[in-house]
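Everything below concerns the one structure shown next.
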Amino acid sequence: MLLLLRSAIARRSLAGSLCLSTTLAACAAQAASFTMYRDANCGCCLAWADHIEGSDGHEVKAIDHPDMASVKAENGVPGDLQSCHTAIVEGYVIEGHVPVADVERLLVERPAGVKGLAVAGMPMGSPGMEHGNHRQAFQVIAFGPEGRSVWASYPASH
C-alpha cells in the first residue's frame with residue numbers, strides 16, 4: 001500500500017513539474033526584451049513598439065540606425081520581406097509589423113529552421129499601422145535556412 005502511495009505521489013510530482021515547466025516557458029516568452037532598429041524618421045516603428053510593450057510586460061529598446069539596409073543584411077532578412085524596422089528578440093529576427101501574438105507563439109514553440117518572422121512592407125491595419133477598423137490583408141511569414149512558410153494570415157476588414 002505504501003509503495004502504491006509513493007508511486008502516485010511521484011506521478012503527481014512529475015505531472016506538476018511538467019505543468020510548471022510549461023507555465024514557466026510561457027512566462028519566459030511573455031516577458032521578452034526586444035532590440036528594435038529603426039530609421040529615426042519613421043514614427044510607425046514606435047507605434048509597433050507600443051503594441052509589443054502593451055502585452056505581458058515586454059520591453060522594447062529602440063535604436064535609431066543610419067543604415068537600415070546593413071541591419072537587415074546582417075540579420076538575414078530577405079529583400080522581398082523587408083519593412084521599416086528590424087527587431088531582435090531571444091535570437092530571432094522580427095521584421096516589420098508582426099503582431100505580438102505571433103511573436104509570443106514563436107518564442108514558445110521555437111520551431112526548427114526558423115530564423116524569424118516578417119510582415120513585408122507596411123500593411124494598413126497591421127500593428128503600428130492602425131487606421132480605425134480598416135485593415136489590408138497581410139501574412140506573417142516564417143523564414144530561415146530551410147525556406148519560408150506562412151505563420152499567420154490576417155484578412156482584410158473595412
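Anything in the stretch 128-150 that is touching a helix residue (DSSP H, G or I) at 6+ places or on another chain (Cβ under 8 Å), of a type in the set (A, V, I, L, M, F, W, C) and open to solvent by 30 Å² or more (accessible area, probe 1.4 Å)? List them, or say none. MET129, the sole residue that qualifies. Residue pairs whose Cβ atoms lie under 6 Å apart, sitting 6 or more positions apart in sequence or on different chains, and linking a residue in the stretch 46-59 that is more than 13 Å from HIS85 (Cβ to Cβ) to a partner that is open to solvent by less than 20 Å² (accessible area, probe 1.4 Å), are SER55/VAL100; HIS58/ALA32; HIS58/ILE52. In the stretch 54-88, the qualifying residues are those that are at pLDDT 95 or above, farther than 29 Å from GLU146 by Cα and of a type in the set (D, E, K, R), and the one that is least open to solvent (accessible area, probe 1.4 Å) is ASP64.
In this entry, LYS61 is excluded by the filter for residues that are closer than 24 Å to LEU46 by Cβ and more than 16 Å from the chain's Cα centre (by Cα).
The values are calculated or read from the model by the stated rules, or taken from the named source; none is laboratory data. No experiment lies behind these values; they were computed from the predicted model shown. Positions of Cβ are backbone-derived with ideal geometry, glycine not excepted, and every protein chain shown enters the neighbour counts. Just so you know, the surface numbers come from the protein's heavy atoms only, side chains and all, with ligands and any DNA or RNA stripped out. Shrake-Rupley method; radii C 1.70, N 1.55, O 1.52, S 1.80 Å.
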